[in-house]
Amino acid sequence: MSELVIIGGGLVGASLALALQQGAQQRGWRIQLIEPFEPGNEYQPSYDARSTALSYGTRLIYQRLGVWERIAERAEPIQHIHVSDRGRIGTTRLDAETHGVPALGYVVENAWIGHCLWQALDDEVVMRRCPAEVEALQAQVGGYRLTLTDGERIDCSLAILADGGRSGLREQLGIDISRRPYGQTALIANVTPGKPHAGQAFERFTDEGPMALLPVRDNRCALVWSRPEADAARLAALNEAEFLAELQQAFGYRLGAFQQVGARHLYPLMLVEAQEQVRNGLVVLGNAAHSLHPIAGQGYNLSLRDAEALAEALLRSDATPGDLATLQGYHQRQWLDQRLTVGFSDQLTRLFGDSGPMIVAGRNAGLMGLDLLPPAKNWFARQAMGLGVRAP
């Protein structure tokens, strides 16, 4: 029997395996990491690579795990964040130097993060089953039995479900989820601005939905543009010149004239939360536990904090890894962080997705007030940096 099986070898699952591996080696635990898609041994950069905004708090976690120096080779620092409401005077600006950090966050290609994590895993501690997929998950005395698609069965003390927001296994186990649709679809693409982005990130709110432009290496920007579903589909179908013209009109010329846009992808937006995150012998982690609107850039950073807290709880405990009291202790520790982060992201999305005149007036006053009130601005910055409920 394996002590732990991590179902899903994406960024969250691989990070958890890395957080556990030193302690697991000392305890003689066996960890299996099951992932359907086998990553290549070599990293291949691509203009269209998807990126993730890593908070400053996430950098600290990866420093503790010993992989930040490698990740930083292709990380673009966010030195400034400009938040505005298009066509209105309310704005606020966050600056890394003002808040005493080298950067407010970093934008890194997902493929590079995954490459760095997989390269850091020790094959003697973490057994990678790839490509492989779990077909069924069944509770039994002392843990869970996993049945793979090839018919193989694996018994474990603790199964960690980190297979994403559309987890079929979560549904199979009867774990209810709450859905809160935002009535929007995110259009995600990489664009090249006419001017150097100089480490600036932009959060711009429009009557049709919020947009974010994040600085990426090679003077690219990662665009996350939220629009009503039909309009997002229309934008995705435009030719490059037409698309860039509409983007220019919505964003303006702070980065000059946009030169290029890559492949465009559409993602329906909703807040999804699992109603159970722990059971005896089971943890639900990452997007399978909570999937947030991307505009505030909080989802992956929260999941990584969960993964670190879970590893700490398991390694502190003298009980077997699937012990319910240990898992409940982990969840109780993370409850406040999750509630504050989900609430921050959800309320920000709702506040800036409402174009009613009273709401518009209120949020403009709020943005101006944020610039004038250092304590409020500091709280906002700490939330954005993933330090809201943790000491730096």
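The values are calculated or read from the model by the stated rules, or taken from the named source; none is laboratory data. Just so you know, these numbers come straight off a predicted model, no measurement behind them. As a convention, Cβ positions derive from the backbone with ideal geometry for all residues, glycine included, and neighbour counts pool all protein chains shown. These accessible areas exclude ligands, DNA and RNA; they are computed on the full protein's heavy atoms, side chains included. Shrake-Rupley method; radii C 1.70, N 1.55, O 1.52, S 1.80 Å.
Kirkwood's formula applied to the C-alpha pairs of the range 1-127 gives a hydrodynamic radius of 16.5 angstrom. Among rounded, prolate and oblate, which fits the range 52-128 when a ≥ b ≥ c are the square roots of the eigenvalues of its C-alpha gyration tensor, a/c under 1.5 means rounded, and a/b larger than b/c means prolate? The shape class here is prolate. Here the chain is treated with +1 on each Lys and Arg Cβ and -1 on each Asp and Glu Cβ, and its dipole about the Cα centre works out to around 960 debye.
Within the chain, the longest segment free of exposed loop sites, counting GluC sites (Glu not before Pro) that fall outside DSSP classes H, G, I, E and B and have at most 12 other Cβ atoms within 10 Å, spans 153-392.
Explain nothing, just the number: dipole magnitude of the range 35-183 about its Cα centre with +1 on each Lys and Arg Cβ and -1 on each Asp and Glu Cβ, in debye rounded to the nearest 20.
On the way: 16 positive and 22 negative charges, 160 e Å.
The dipole magnitude comes to about 760 debye.
Protein-only accessible surface at a 1.4 angstrom probe places the residues Tyr56, Tyr62 in the order Tyr56, Tyr62, largest first. Taking other residues whose beta carbon is less than 14 angstrom from the beta carbon of Phe243, and scoring Lys, Arg as +1 and Asp, Glu as -1, yields -1.
Over the chain, what is the relative contact order in whole percent, taking alpha-carbon pairs under 8 Å and six or more residues apart?
Across the chain, relative contact order equals 21 percent.
Charges were assigned to the Cβ only: +1 to each Lys and Arg, -1 to each Asp and Glu. The resulting dipole of the range 1-103 about its Cα centre is roughly 300 debye.
Looking at the range 102-217, the pairs of alpha carbons with a distance over 20 Å make up 66% of the total. The solvent-accessible area of Ser84, taken with every protein chain present and a 1.4 Å probe, is close to 10 Å².
Heavy-atom accessible surface of Trp68, to the nearest 10 Å², is about 20 Å², with a 1.4 Å probe and all protein chains retained. The range 305-339 and the range 45-122 have Cα centres spaced 26 Å apart.
Taking a ≥ b ≥ c as the square roots of the Cα gyration tensor eigenvalues, with a/c under 1.5 meaning rounded and otherwise prolate when a/b beats b/c, else oblate, which class fits the chain? The shape class here is prolate.
At 1.4 Å probe radius, can you tell me the per residue accessible area of the chain in Å²?
Roughly 43 Å² per residue, with all protein chains present.
Convex hull of alpha carbon positions in the range 232-298: directionally averaged projected area 6.5 nm². Asp150 contributes about 120 Å² of solvent-accessible surface, heavy atoms of the protein only, 1.4 Å probe.
Dividing the summed helix terms, -39500 (n - 2.57) for each DSSP H run of n ≥ 4, by the number of residues in the chain produces a 222 nm estimate of -11500 deg cm²/dmol to the nearest 500.
For the range 198-269, the share of alpha carbon pairs falling in successive 5 Å distance bins from zero is 3, 14, 28, 29, 18, 6, 1 percent. For the range 145-291, the Kirkwood radius over C-alpha pairs fed into Stokes-Einstein at 25 °C and 0.890 mPa s yields D = 138 µm² per second.
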